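Asks: My questions will all concern the structure given below.
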Amino acid sequence: MNELFRADYRDIRVYGGDSKGFAVDLSDNTNQWGAPPAAERALRAAAESMLRGYPQPYGESLKDVLAAHVGVSPEWIVTGTGSDDILDCGFRALATHGARVAYQSPTFVMVPTFAKTNGLEPIAIPLASNYDVDVDAMLAVDAHITYLCTPNNPTATPLSRAAIEAVVDRAKGFVVIDEAYVDFADDDFSNLVKRSPRVLVARTFSKAFGLAGARVGYGIASPELITEIEKARGPYKLTALSERAACAAIGEDLEWVRDKAKLAIAAREWLRAELKGRGIDTPPSQANFVFAPIANAHAIASHMANAGVAVRAFAKLPLIDPLLAATNGDALRITVGPEPMMHAMLDAFDAAVASLATSEAR
Ligand SMILES: *Cc1c(COP(=O)(O)O)cnc(C)c1O
């Protein structure tokens with residue numbers, strides 16, 4: 001049967017990121033303070049009445065709520081099952097087989113996968129040593145789609161407005177700007193959709209909005225672009241329950257979301273200082289996680305996992321700056337949360353580092 005399968009799917013791997021069952025799970029950048037109470041109330045009320053009928057085909061009520069939130073009209077919004085779905089539908093709608101997708105590296109691990117599953121060719125372009133996008137190298141690809149991520153996962157660093165605008169102005173193809181962490185950042189690039197009809201901004205309810213389990217994301221773009229993406233998306237994608245939860249979070253609990261984002265920002269600065277006190281320099285973070293280049297990251301993370309604390313380890317990242325060059329591309333990505341979680345994490349981290357040091361000394 002193997003020869004019947006798509007040859008270009010052969011080296012695509014199924015996503016393996018399952019970290020369920022840890023006492024403290026700081027591996028996936030979700031909201032460690034919980035979910036918006038209004039969303040939970042809306043779900044309980046909705047569950048009794050919303051199961052039998054279809055949802056709205058394109059999530060129309062949520063589009064209205066999001067349009068008001070972003071400051072555009074509803075034709076500028078597309079909804080999806082997480083921003084994963086916005087990226088996937090965007091790639092599928094906007095490029096045909098064999099087209100190139102240029103993307104900054106390191107970045108969100110799903111990007112090359114979504115390119116490949118849609119028959120596109122992903123081309124990684126290392127970030128500059130200041131963690132900004134290398135505009136000339138990116139444009140030299142002459143890609144059909146250029147993917148930018150700010151603040152970036154896993155480095156937590158923002159791209160500069162000057163570099164993003166240069167890519168938008170000079171790229172001939174589409175430009176996707178992934179703003180999964182915009183709620184923790186100083187800058188917001190959604191207004192670039194007015195600068196160019198070729199820009200798609202992707203956002204999610206999974207991080208600051210505390211609704212990762214509901215799978216809700218959205219895109220902002222010119223109405224022409226939204227129409228094309230909705231062709232690939234298809235109708236009835238969001239469940240009625242998810243749509244209701246997301247509407248409640250935006251409509252009734254924005255203060256809750258903003259308060260928790262403030263706590264996350266304070267926690268990340270505290271964690272960066274704690275790591276610095278241990279001799280670990282981290283690039284400035286504008287997200288709800290800290291990126292810590294450190295040698296033996298995988299060994300440290302597996303020690304911590306044994307102590308019930310999950311963090312995300314990376315190896316062989318591009319050696320874009322002296323911090324990553326010093327660790328040969330090893331790094332940890334640590335989501336921030338309430339104080340007790342941070343202390344449990346640091347205890348597990350210190351124990352892991354000490355244990356590796358003694359086993360090396362032996
Ligand atoms: C988490 C994340 C996403 C995906 O979020 P979902 O809405 O849960 O699919 C997209 N992009 C980046 C950069 C992320 O970190």
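Asks: Cβ-Cβ under 7 Å, sequence separation 6+ or interchain: first residue in region 106-133 and of a type in the set (Ser, Thr, Tyr), partner crowded, with 21+ Cβ neighbours inside 10 Å and assigned to a strand (DSSP E or B). Which pairs?
Replies: 107/149
Asks: Can you name every residue in region 265-300 that is touching a residue at least 40 places away in the same chain (Cβ under 8 Å) and part of a helix (DSSP H, G or I)?
Replies: Scanning region 265-300 gives 265, 267, 268, 270, 271, 274, 299, 300.
Asks: Moving on. If you scan region 36-67, which residues turn out to be among the small types (Gly, Ala, Ser), part of a helix (DSSP H, G or I) and under 23 Å from the mean Cα position of the chain (by Cα)?
Replies: Across region 36-67, the qualifying residues are 39, 67.
Asks: Name every residue in region 190-227 that is away from the ligand (no atom under 11 Å from the Cβ), surrounded by fewer than 20 Cβ atoms within 10 Å (Cβ to Cβ) and farther than 15 Å from residue 178 by Cβ, in order of residue number.
Replies: Listed by number, the residues that qualify are 191, 194, 195, 196, 197, 222, 223, 224, 227.
Asks: Ok, one more. Output the residues belonging to region 210-237 that are closer than 19 Å to residue 147 by Cβ and not basic (Lys, Arg). Reasoning before the result, please.
Replies: Within region 210-237, the first condition is being closer than 19 Å to residue 147 by Cβ, and the residues that meet it are 217-222, 225-226, 228-229, 232-233.
Those that are closer than 19 Å to residue 147 by Cβ and not basic (Lys, Arg): 217, 218, 219, 220, 221, 222, 225, 226, 228, 229, 232.
Asks: Also, I was wondering about something else. Restricting attention to strands (runs of 3 or more DSSP E) lying wholly within region 82-185, give those where 1 or more residues are modelled with pLDDT of 95 or more and within 12 Å of the ligand (Cβ to nearest atom). Walk me through it before giving the result.
Replies: Details: elements: 100-105, 121-126, 145-149, 174-178.
Hits in region 82-185: 100-105, 145-149, 174-178.
Asks: Return the pairs, sorted by first residue and then second, in which the second residue is among the polar types (S, T, N, Q) and within 13 Å of the ligand (Cβ to nearest atom), the first residue lies in region 192-209 and is closer than 17 Å to residue 145 by Cα and touching a residue at least 24 places away in the same chain (Cβ under 8 Å), the beta carbons are less than 8 Å apart, and the residues are 6+ apart or on different chains.
Replies: The qualifying pairs are 202/83.
Asks: Okay, next question. For region 1-23, indicate whether the set of residues that are of a type in the set (A, V, I, L, M), touching a helix residue (DSSP H, G or I) at 6+ places or on another chain (Cβ under 7 Å), part of a helix (DSSP H, G or I) and away from the ligand (no atom under 16 Å from the Cβ) is non-empty.
Replies: Step one: of region 1-23, the residues of a type in the set (A, V, I, L, M) are 1, 4, 7, 12, 14, 23.
Then keep just the ones that are touching a helix residue (DSSP H, G or I) at 6+ places or on another chain (Cβ under 7 Å); that gives 12.
After this cut, where a residue has to be part of a helix (DSSP H, G or I) as well, the list is none.
No, the conditions are met nowhere in region 1-23.
The values are calculated or read from the model by the stated rules, or taken from the named source; none is laboratory data. On a predicted model such as this, the values are computed, not experimentally measured, just so you know. Counting neighbours? That spans all protein chains shown, and the Cβs are built from the backbone with ideal geometry, glycine included.
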